[in-house]
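Everything below concerns the one structure shown next.
The values are calculated or read from the model by the stated rules, or taken from the named source; none is laboratory data. All figures in this text were calculated on a predicted structure; none of them were measured in a lab. Here the Cβ is made from the backbone with ideal geometry for all residues, glycine too, and neighbour counts use every protein chain on show. Heavy atoms of the whole protein, side chains included, go into the accessibility calculation; ligands, DNA and RNA do not. Shrake-Rupley method; radii C 1.70, N 1.55, O 1.52, S 1.80 Å.
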Amino acid sequence: MRGPLLFADIDTPGLTSIATYRRGGGYETSAAMVGVKPPEDVIEIVKAWGLRGRGGAGFPAGMKWGFVPKGTSKPKYLVCNADESEPGTFKDRELMEKNPHLLIEGMILTAWAIQANTGYIYLRGEFDYIQRILDRALEEARAAGFLGASTGGKGFQLEIHTHLGAGAYICGEETALLSSLEGYRGQPRLKPPFPAVEGLYACPTVVNNTETLMNVPHILKHGAQWFRQWGTEKSPGTKIFSVSGPVKRPGNYEVPMGLPLSTLIDEHCGGMRDGTKVKGVIPGGSSVPILPASMLATGLDFESMAAAGTLLGSGGVIVIDDQTCIVDALWNITRFYEHESCGKCTPCREGTYWMSEVFARLERGEGRESDIDLLYDVSDNILGKSFCALGDAAAMPVMGAIKHFRDEFEFHVRERRCMVNRRAPELTERQAEALSA
């Protein structure tokens, strides 16, 4: 990881071991807080930080914790959403691979704040190797007395378990994740009730992203003003961005919130490779609208991205060069969402299928003049009308692409081919399979 701030020690050799983690001050914050600081005070501190969820929605973490009912007789649960299924996003896996104890300590502190006695780390199916890393770290934490019947020797009981999903994108949605965790098919639930009131096993549950929870020990240790030295007023702190595409140095970058997108690409990632130029950037994983090169001065924070007509999302920055066909790229994204739709609601199930069909027609050179508006219309009929946000994730990229790159869609209809010609004239194997399906 490059440009570390909060995660400055991420590449420390042997950091996966509890001995190395503790030499750097690990578990000192949980020892100072659990059983000492009143849980409600911890929640108020987190609210003062302004820490917002790093998984995509950007909802204030402290506010979410505050929604958990205080006087309930039901058990409370804490769930770490480590599914990380969003295309273009690969930050959480590096954090867990290299510093698992920071996640565990973040969960201990969060569990104390909401008074949860059981925690789960929900991992996507492909993360079985990370599950082994986490399980070893959890065993070390138990042996050291930081988990179990008397967490940290303070009489607070907490146990944390790992759970491996089956690799379904939909399980990144928090209620579908909870259904999967309970052993049911991963499909979203109707909200309200929200998980904080009725979540896992119909009990109060907080679901936080991996990066969000790993911020907690740092900020509780150093305080709100320390955290707010970076970022903007409404989007304080740092954020890890996973940069992929034809840049010279792709990878994970921790930078202050509000940093211009152009600075991330040109200075941190070394600019574009092979003499190409930026055509567009998807700033928050494949589910958000694309930004054209003319908008690269946009700040990497929640408010600036929203003002630009897109979302910060999960921080998966997908850079698209001037030799890439936007129509082909969006066809690829649309087929992903068609495949990953759980099929529960009609707008998403049917809409993603028909968008894929129209894209295939355009790619075959059989596009009609009305197809561009048809794609936009189908997307608009999905947006905000599906059972969960997967429908929005499929609709927004298409609508954004048509808004900023309509000329490429029109070229497909008019010329019966892509506007860029870097590829060989024959279809790639992937395209041929999709067109014949």
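Within 10 Å of each candidate Cβ there may be at most 15 other Cβ atoms; applying that plus a DSSP loop requirement, which chymotrypsin sites (Phe, Trp or Tyr not before Pro) in the range 33-141 survive?
Working: sites: Trp49, Trp65, Phe67, Tyr77, Phe90, Trp112, Tyr120, Tyr122, Phe127, Tyr129; in loops: Phe67, Phe90.
Here the chymotrypsin sites (Phe, Trp or Tyr not before Pro) that fit, given the DSSP loop and packing criteria, are Phe67.
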* To do: Per DSSP H run of n ≥ 4, the term is -39500 (n - 2.57); total these for the chain, divide by its residue number, and report the mean residue ellipticity at 222 nm rounded to 500 deg cm²/dmol.
  => -12500 deg cm²/dmol
* Structure fact -> Quick shape check on the range 102-246: root eigenvalues a ≥ b ≥ c of the Cα gyration tensor, a/c under 1.5 is rounded, otherwise prolate if a/b tops b/c, else oblate, and it reads rounded
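Just to check, using Stokes-Einstein with a Kirkwood Rh over alpha carbon pairs, what's the diffusion coefficient of the chain at 10 °C and 1.306 mPa s in µm²/s?
70
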* Computed accessible area, Tyr353, all protein chains, 1.4 angstrom probe, square angstrom -> 90
* Asked: Which value, in Å² and to the nearest 10, is the accessible area of Lys191 when all protein chains are kept and the probe is 1.4 Å?
  -> 80
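Mind checking the full-extension length gain between Ala306 and Ala149? Use 0.36 nm per residue of separation minus the Cα-Cα distance, one decimal, nm. Intermediate values should be presented prior to the final figure.
On the way: separation 157, 0.36 × 157 = 56.52 nm, distance 4.50 nm.
Answer, rounded to one decimal: 52.0 nm.
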* Asked: Straight-line reach from Lys91: which lysines have a Cα under 17 Å away, not including same-chain ones fewer than 8 places off?
  -> Lys239
* Distance from the Cα centre of the range 67-118 to that of the range 133-170, in angstrom? -> 10
* For Trp354, Trp226, give the ranking by accessible area with the largest first, probe 1.4 Å. => Trp354, Trp226
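Please tell me the relative contact order of the range 192-314 in percent, rounded to the nearest whole number, where contacts are Cα pairs under 8 Å and at least six residues apart.
Numbers: 170 pairs, mean separation 20.5, N = 123.
Relative contact order, the range 192-314: 17 percent.
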* Structure fact -> As straight-line cross-link partners of Lys74, the qualifying lysines (C-alpha separation under 30 Å, not fewer than 8 residues apart within one chain) are Lys37, Lys47, Lys64, Lys154, Lys191, Lys344
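Please report the antiparallel percentage of DSSP beta bridges with both residues in the chain, rounded to the nearest 5.
Numbers: 18 of 40 bridges.
Antiparallel: roughly 45 percent of the beta bridges in the chain.
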* Return one whole number: the accessible area per residue of the chain in Å², for a 1.4 Å probe. => 40
* Structure fact -> For the pair Asp9 and Arg368, the simple spin-label estimate (label points 7 Å beyond Cα toward Cβ) gives in nm 6.3
* Structure fact -> Scanning the chain, every Cys lacking a C-beta partner under 4.7 angstrom -> Cys80, Cys171, Cys203, Cys269, Cys342, Cys345, Cys348, Cys388
* Structure fact -> Filtered hits (lysines, Cα-Cα < 16 Å from Lys277, offset >= 8 within chain) -> Lys248
* Asked: Cα axis of helix 346-363 to longest principal axis of the chain: angle in degrees, 0 to 90, nearest 10?
  -> 40
* **trypsin sites (Lys or Arg not before Pro) restricted to the range 331-383 and DSSP loop, no more than 15 other C-beta within 10 Å** => Arg364, Arg368
* Structure fact -> In nanometres, the difference between 0.36 nm per residue of separation and the alpha-carbon distance of Gln157 and Lys74 is 28.3 nm
* To do: Just read off the accessible area of Phe387 with the full protein assembly in place, 1.4 Å probe, to the nearest 10 Å².
  => 80
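If you take the beta carbon distance between Glu415 and Asp377 as r and set R0 to 22 Å, what does 1/(1 + (r/R0)^6) give as a FRET efficiency, to the nearest 0.05?
Numbers: r = 23 Å, r/R0 = 1.06.
With a Förster radius of 22 Å, E is 0.40.
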* Asked: Top to bottom by accessible area (1.4 Å), largest first, where do Thr12, Thr324 land?
  -> Thr12, Thr324
* So what's the angle, to the nearest 10 degrees on a 0 to 90 scale, between helix 389-415 and the longest Cα principal axis of the chain? -> 20
* Calculate the dipole size of the chain relative to its Cα centre from +1 charges on Lys and Arg beta carbons and -1 charges on Asp and Glu beta carbons; express the result in debye to the nearest 20. => 860
* To the nearest 0.05, what FRET efficiency results for Glu233 and Ala32 with a Förster distance of 25 Å applied to their C-beta separation? -> 0.30
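Could you put Glu350, Glu139, Glu363 in order of accessible surface area, largest first, with the 1.4 Å probe and the full protein assembly present? Let's see the in-between values first.
Numbers: Glu350 75, Glu139 110, Glu363 30 Å².
Most to least solvent-accessible, the answer reads Glu139, Glu350, Glu363.
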* Structure fact -> Any GluC sites (Glu not before Pro) in the range 204-264 that lie in a DSSP loop and have at most 12 other Cβ atoms within 10 Å would be Glu233
* Asked: Do you know the relative contact order of the chain, to the nearest whole percent, from alpha carbon pairs under 8 angstrom that are 6+ apart?
  -> 15
* Asked: Label points 7 Å out from Cα along the Cβ direction at Thr20 and Lys47: separation in nm?
  -> 3.9
* Helix 210-222 sits at what angle to the longest principal axis of the chain, using alpha carbons and giving 0 to 90 degrees rounded to 10? -> 50
